[in-house]
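A.B. asks: Provided herewith is a single structure, encoded as structure tokens, for subsequent inquiry.
The values are calculated or read from the model by the stated rules, or taken from the named source; none is laboratory data. This one's a predicted model, so the numbers in the text were calculated from it and none came from an experiment. Positions of Cβ are backbone-derived with ideal geometry, glycine not excepted, and every protein chain shown enters the neighbour counts. These accessible areas exclude ligands, DNA and RNA; they are computed on the full protein's heavy atoms, side chains included. Shrake-Rupley method; radii C 1.70, N 1.55, O 1.52, S 1.80 Å.
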Amino acid sequence: MHARWTLAALLPLVAAPAAARVTAAEHCAALAALALPGTEIEAASAIPASRTLPAYCKVRGTIERRVGAGGVEFGIGFELRLPDRWNRRFFFQGGAGSDGVIFPPIGYVQGLAGAMDTEASALSRRFAVVSTDAGHQGFDAGFGVDPQARIDYAYRAIDVVTRRAKEILAHYYGRLPKRSYIVGCSNGGRQAMIAAQRFPEHFDGAVAASPAFDLSRVMVGIAWDTIAFDAIAPSDGAGGRILAAALSDDDLALVAAGVLAACDELDGLADGIVAAPSACRFDPATLACPGAKTPSCLSAPQVAALARVFDGAHDSAGTPLYASWPWDPGIASLGWRSWKLGISPTAQPNALNIQVGFAMIRHLFLTPPDPAFDPLGFDFDTDPARLAEAGALIDATSTALDAFRRRHGKLLIYAGVADPVFSARDLVAYYDRLAEAQGGLRATRRFARLFLVPGMTHCSGGPAFDRFDALSVIVRWVEKGRAPARIVASGAAFPGRTRPLCAHPAEARYRGGDPRRAASFRCMRPAVAGE
């Protein structure tokens with residue numbers, strides 16, 4: 001266990017606030033000369049206020065620069081933004097994909113409309129914000145051939161960057177933050193969960209949106225899904241298969257309509273949302289063509305491929321290797337297609353499961369790395385074991401959150417029911433294991449809550465109420481003790497309407513009144529057989 005942060009421990013680094021004669025620009029520029037162990041401060045510059053952001057000091061640096069495998073230069077790059085009139089809060093901005101890029105540390109607010117706009121950002125609210133490339137440069141998975149780079153990406157960069165950032169905060173402001181938050185989606189969501197599991201002393205609140213928490217098993221699922229859809233994809237006449245044409249947009253719209261017909265009214269209201277996913281049962285065989293394929297039905301191979309994918313990956317003995325998937329009308333959205341099938345009209349696929357997932361399998365998850373490996377030939381009996389070593393480093397599946405809970409940390413997790421990358425059922429299974437390990441659901445809900453967003457694909461999008469201010473939710477929970485039982489959300493797909501998102505296992509049920517208003521819905525725990 002790392003020592004708790006105290007100002008006394010940092011006294012050698014802390015300077016008295018700049019004297020009145022020293023300008024803000026000079027005070028900021030002086031950080032370039034700050035000596036920190038193994039750290040190069042490459043630039044420190046004062047940025048004037050804009051329409052949406054306060055004036056701030058921008059610090060950019062690299063920690064532990066080194067030459068690694070293949071003579072490649074590595075280092076944990078970071079950028080820290082220190083606002084004028086700081087609110088005494090620190091915000092670690094999670095990364096994305098395989099990282100390798102220092103995204104501007106604005107403090108993007110997951111779930112909020114305009115999340116990528118500066119006006120709604122943590123920096124605009126005067127949080128100090130840091131982001132990192134997680135120890136390598138380049139938005140690909142090639143860094144995985146370097147063992148230390150794997151460790152830095154997996155978890156270590158979170159710890160190292162947080163420590164350095166807080167040291168710089170102490171020097172610049174003469175004090176440490178009162179509260180610290182880590183917020184991110186996808187791999188950034190995984191980082192938030194890693195922080196709660198491995199570094200509980202660093203953060204008071206964590207928001208894990210659509211988290212890539214179970215990546216080694218996700219890679220197996222990615223191979224499984226791609227193989228299933230590739231097998232039914234039409235030929236290009238030259239020996240290649242057009243993956244994107246395995247299911248047309250009309251085919252996916254047909255599936256979405258079938259899901260709605262089977263499940264839309266289960267929440268008490270037919271409104272284009274399957275808000276009762278726990279009760280939804282859909283069989284794609286109901287859409288099978290009685291004869292030749294037509295626009296109003298699916299071919300037998302299409303039905304079989306969908307059933308195979310949604311049942312989840314398994315080995316030849318039927319042992320599950322990844323979770324099954326909930327049926328949701330979000331299957332017809334571009335966000336779902338982009339990951340599973342892509343939009344390429346040729347045999348050169350651009351599905352993100354291939355562009356991102358296959359590269360991660362070859363370089364980051366296979367141990368040793370195997371750049372020549374073809375995931376379309378994945379052996380589901382033997383190859384999953386080859387991913388286990390990297391999974392032990394990267395996966396955020398631990399339920400040992402005792403230390404985080406004891407120091408009153410709060411973990412907010414949310415994900416889309418129609419997420420095509422990480423199954424919502426996998427996340428529910430994790431949360432249920434967490435509750436079992438932490439003394440039951442009631443005890444677990446005191447520090448960790450899960451929200452599912454019907455219709456939402458990966459991080460946002462789809463026919464969903466996917467717009468809400470997750471940062472304000474976690475701050476209220478941490479600082480005011482106001483645990484979120486429901487989060488009122490809106491969505492571009494449903495203008496003029498609001499709907500509650502409910503803390504698992506509750507789901508929204510229509511109770512009467514104006515169906516456009518969240519107040520007309522109640523969060524209710526679904527009945528469980530045998531209860």
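A.B. asks: Helix 424-437: angle to the longest alpha-carbon principal axis of the chain, degrees 0 to 90, nearest 10?
C.D. replies: Tilt of helix 424-437: around 60 degrees.
A.B. asks: With angles folded into 0 to 90 degrees, how steeply does helix 470-480 sit against the dominant principal axis of the chain? Use alpha carbons for both and round to 10.
C.D. replies: The helix 470-480 is inclined about 60 degrees to the chain.
A.B. asks: Of all alpha-carbon pairs in the chain, indicate the percentage at a distance above 35 angstrom.
C.D. replies: Counting every Cα pair in the chain, those more than 35 Å apart make up 37 percent.
A.B. asks: Another question, then. What whole number of Å gives the distance from the Cα centroid of the range 301-368 to the Cα centroid of the range 183-211?
C.D. replies: Each part reduced to its Cα centre gives a spacing of 25 Å.
A.B. asks: What would the Debye formula give as log10 I(q)/I(0) at q = 0.14, 0.17 Å⁻¹ for the alpha-carbon point model of the range 129-198, no solvent?
C.D. replies: Scattering profile of the range 129-198, log10 relative to I(0): -0.48, -0.68.
A.B. asks: Describe numerically, in nm with one decimal, the distance between label points set 7 Å from Cα along Cα→Cβ at ALA400 and at LEU334.
C.D. replies: So the label points at ALA400 and LEU334 sit 4.5 nm apart.
A.B. asks: Subtract the Cα-Cα distance of SER278 and ALA30 from 0.36 nm times their separation in residues, and report this length gain in nm to one decimal.
C.D. replies: 83.6 nm is the gain from fully extending SER278 to ALA30.
A.B. asks: Still on this structure: Across the chain, how many lysine pairs, 8 or more apart or on two chains, come within less than 25 Å at their alpha-carbon atoms?
C.D. replies: 9
A.B. asks: If I stretch the segment between ALA443 and GLU40 completely, what's the gain in nm (0.36 nm per residue apart, minus their alpha carbon distance), one decimal?
C.D. replies: 140.7 nm
A.B. asks: Here's a follow-up. Quantify, in whole percent, the carbon and sulfur part of the accessible surface of the range 20-173 (1.4 Å probe; protein heavy atoms only).
C.D. replies: Ligands and nucleic acids excluded, carbon and sulfur reach 56 percent.
A.B. asks: In the chain, if the dipole is taken from +1 on Lys/Arg beta carbons and -1 on Asp/Glu beta carbons about the Cα centre, which of LEU450, PRO463, LEU169 is farthest to the positive end?
C.D. replies: LEU169
A.B. asks: Determine the percent antiparallel among the DSSP beta bridges restricted to the chain, to the nearest 5.
C.D. replies: Of the beta bridges lying entirely in the chain, close to 60 percent run antiparallel.
A.B. asks: Can you compute the FRET efficiency between ALA372 and ARG88 using 1/(1 + (r/R0)^6), with r the Cβ-Cβ distance and R0 = 51 Å? Round to the nearest 0.05.
C.D. replies: Calculated transfer efficiency: 0.50.
A.B. asks: Same structure, new question: I'd like the orientation of helix 215-232 relative to the chain: the angle between its Cα long axis and the longest Cα principal axis, in ° from 0 to 90, rounded to 10.
C.D. replies: That helix lies at roughly 30 degrees to the long axis.
A.B. asks: For the range 300-390, what is the accessible area per residue in Å², given a 1.4 Å probe and the full set of protein chains?
C.D. replies: Heavy-atom accessible area per residue stands at 41 Å².
A.B. asks: Find how much the distance from ARG511 to ALA288 grows on full extension, using 0.36 nm per residue of separation minus their present alpha carbon separation; answer in nm with one decimal.
C.D. replies: Roughly 76.7 nm would be gained on extension.
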